[in-house]
Amino acid sequence: MKKVLLAPIDPVHDIGLKMIARGLEQAGHQAILLQPDLPVEEIIQKILHDHEVEILLLSRTLGYGVGELLARFIDLTDAVGIRERVKIGIGGMAIRPELAAELGFDAGFGPGTTVEEVICFVEDREYKPDLIRTKKIKKDMTASYDYHYGSAVIGSKLSKISDIIIEWVKNKTSPGVERGRIRDEYWDVERWRDRLGNGDLDKYYSGFCSELPQKFYKTGELHPKTRRFTKDEVIGLEKYLEETKARMSVLKLQHTRQKPLVFNQYGTGCPFMDIAHILASEAWGADGVVHFDPSWGARTEGFLDGFLTHQEDGTVITPANLNRIWLALENSTLWQIRAHRGLNTPETVVMAGKIGADLTKINICYGSLGAGTDPERMTVDGYHSIQYAQKYNLPFDIVTNEELAGVPAHKAFAGMLIVTDLAIKLGAKPILQPLFAYSPEVMINDLMDDNYVNFNAAKIYALRKIINAPVWPGAPIGFLTHTEDRVQSAMTTTLHACLAMSLGVDAISIASTDEAYSGGPISVPAKIDTLRAVQDGFRFFGHANITPTEKAHLYAEQIVNGIDDVLDKVIAEGDFVAAIHKGILGSREEGAYPGRIGKDTVKQKK
């Protein structure tokens, strides 16, 4: 047992020392807590009169004059001859370990110090952080869902449309489907990781690529905005990773609830910078990260290879780039490689599955109406992508970003549910991804004239009435409610996050404050702003909730009825691709235009 004197050298701030005193007593030590704001001379007199005191713990919260005050204290202990026999530690909001050491203290304890850390100092033990306290476990957000339809009528209509799609894609293929097949059959990822090459992939692959990848595989010529990393850069990355991982721990954003999981995205163009962003996201509590690729990649038939950096936003998908990122991830981090639009959708899913991703993203309707891919091509490629997602056990979200173009929620949801039912029939695990956004539909119809709560809540109510499936609002939450002000943007993200938590959704995607407004490069401080704000929001509410008004249920009923009406029209059309072209799932007047990329590339299988 040791005798410890605790003295707050502040007018009133002694809460931390009270907690430490209690912890010391529970550990079997004698703790004597002095009143706040005693003169330093009186504290020293206490030690002079009590020769059994072995440890002195001081606290200082206020920052003004702290250096001068503490330096004077140490000088006085030297002058009266107690410095050699008493260990002295200093802690508080104004303290940093470096400052304490510079002033001559035996230890300094800053913000975030645990009681156990101080007890170790008292007992001359090395402090070993409790890894269990911060340990995070990777979660499967689909595990507790059976995909049962609460609305049998809508479920029956969706089943008919899925059958129409399955019949329509029979015996159809595309260059993207063929590259997916080749990557699936011939690319042995473990052999490739052992630097034994791509095997027979090289023999067949480039024949199904467009001009840019073909040039790369014939001559080594890269996209004009990309280059290979140098050897020194790779060595620098490996050194950075080693040093950062050695001192890194992770936070947990959730407070007393387990949901929602929190994702943010990366895609700076440079995998090295991406890894730095991912590590910062993990350290500050993100549960998952989403890979964003450049828009030209979605318009190009085939992937390049090598460890490549890109000078604009969007990180090029190559096996080497993905593998470097995979190696840097914490074991608890969920990793999504999106494949929801463009000409490489099936192969992206295959590569994601083989390289070690946990999730992907597929949506036939958004890919056709909002991302520029020909509906016929997107339907064939999307079908095969879902089959690969099932094979590689990759749950995937189905985003409804066509809402941002002006498509009403009920039409976007009808498209999302069609893909959901198709996925269920193919044995895959879909995740619903409605937008929490101030969308054109909302603006035009004054659906959020009073608040941002009701219509967003209505979307969740409507989907839950229809099907028992995981829900992951995203792309990101709060879209079009943000301004360029970082504080405002972090706040609006947090409010939407807390609404999502109140509604019990499974996950959310958040944007960093500068990214949310598209105001320039994505910075790490902006990511941390948002993550910290969301953590504080979860702490603020705990198990309390944001409660929508009755209007939310009225909106939900309108959405469900709208979905039902759209499904009837698709069935009446009898052709899913034709329904997309005719605007049943989003019209030109609403801002949705059937894409042209990949037009006339769907062929009958030989």
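The values are calculated or read from the model by the stated rules, or taken from the named source; none is laboratory data. All values derive from a computational prediction rather than experimental measurement. Heads up, the Cβs are rebuilt from the backbone with ideal geometry, glycines too, and the neighbour counts pull from every protein chain shown. The protein model used for the area step is the full one, side chains on, heavy atoms only, and it has no ligands, DNA or RNA in it. Shrake-Rupley method; radii C 1.70, N 1.55, O 1.52, S 1.80 Å.
At-a-glance table
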{"read-out": "Ratio Rg/Rh, restricted to the stretch 222-306 and using Cα atoms, in which Rh is the Kirkwood radius", "value": "1.06"}
{"read-out": "Cβ charges +1 (Lys, Arg) and -1 (Asp, Glu), total dipole of the stretch 293-399, debye", "value": "180"}
{"read-out": "Projected label distance in nm at residue 32 and residue 193, using a 7 Å step from Cα toward the beta-carbon", "value": "6.0"}
{"read-out": "12 Å beta-carbon shell around residue 333, net charge (K/R +1, D/E -1)", "value": "-1"}
{"read-out": "Surface accessible to a 1.4 Å probe, per residue, for the residues of the stretch 60-126, Å²", "value": "51"}
{"read-out": "Nitroxide proxy distance, nm - points 7 Å out along Cα→Cβ at residue 69 and residue 124", "value": "3.1"}
{"read-out": "Kirkwood hydrodynamic radius (C-alpha pairs) into Stokes-Einstein, the stretch 398-553, 20 °C and 1.002 mPa s, D in µm²/s", "value": "134"}
{"read-out": "Between 0 and 90°, nearest 10: helix 40-49 axis offset from the chain longest Cα axis", "value": "60"}
{"read-out": "Gyration tensor (alpha-carbon) shape descriptor, the stretch 4-120, a/c threshold 1.5", "value": "rounded"}
{"read-out": "Over the stretch 382-423 - Rg/Rh using Cα atoms and the Kirkwood inverse-distance radius", "value": "1.05"}
{"read-out": "Cα pair count fraction exceeding 30 Å, expressed as % - the chain", "value": "59"}
{"read-out": "Carbon plus sulfur fraction of accessible area for the chain, probe 1.4 Å, in percent", "value": "52"}
{"read-out": "Normalised convex hull volume, the stretch 439-483, alpha-carbon set, Å³ per residue", "value": "85"}
{"read-out": "Long-range HN-HN contacts of residue 370 with modeled amide H, under 5 Å", "value": "none"}
{"read-out": "The chain: angle of helix 319-328 to the longest principal axis, Cα-based, in degrees nearest 10", "value": "30"}
{"read-out": "Heavy-atom accessible area ranking, 1.4 Å probe, most first, across 384, 51, 553", "value": "51, 553, 384"}
{"read-out": "The stretch 139-252 pair-distance distribution - Cα-Cα, 10 Å bins, rounded %", "value": "10, 18, 24, 24, 19, 6, 0"}
{"read-out": "Calculated P(r) of the stretch 476-568 - Cα pairs past 23 Å, %", "value": "36"}
{"read-out": "Integer Hz, Karplus 6.51/-1.76/1.60 couplings in order for the stretch 376-385, x for Gly and Pro", "value": "5, 5, 5, 5, 5, 5, x, 4, 5, 4"}
{"read-out": "FRET efficiency, 1/(1 + (r/R0)^6) with R0 60 Å, evaluated for residue 218 and residue 545 via beta carbons", "value": "0.50"}
{"read-out": "Largest to smallest principal axis extent of the C-alpha atoms in the stretch 341-418, angstrom", "value": "36, 21, 18"}
{"read-out": "Helix 454-466 vs. the chain, principal-axis angle (Cα, 0 to 90°, nearest 10)", "value": "60"}
{"read-out": "The stretch 69-115-the stretch 263-317 distance, computed between alpha-carbon centres (Å)", "value": "45"}
{"read-out": "Convex hull (Cα only) mean projected area of the stretch 273-427, reported in nm² to one decimal", "value": "9.2"}
{"read-out": "Filtered GluC sites (Glu not before Pro), the stretch 1-108: DSSP coil and at most 14 other beta carbons within 10 Å", "value": "52, 84"}
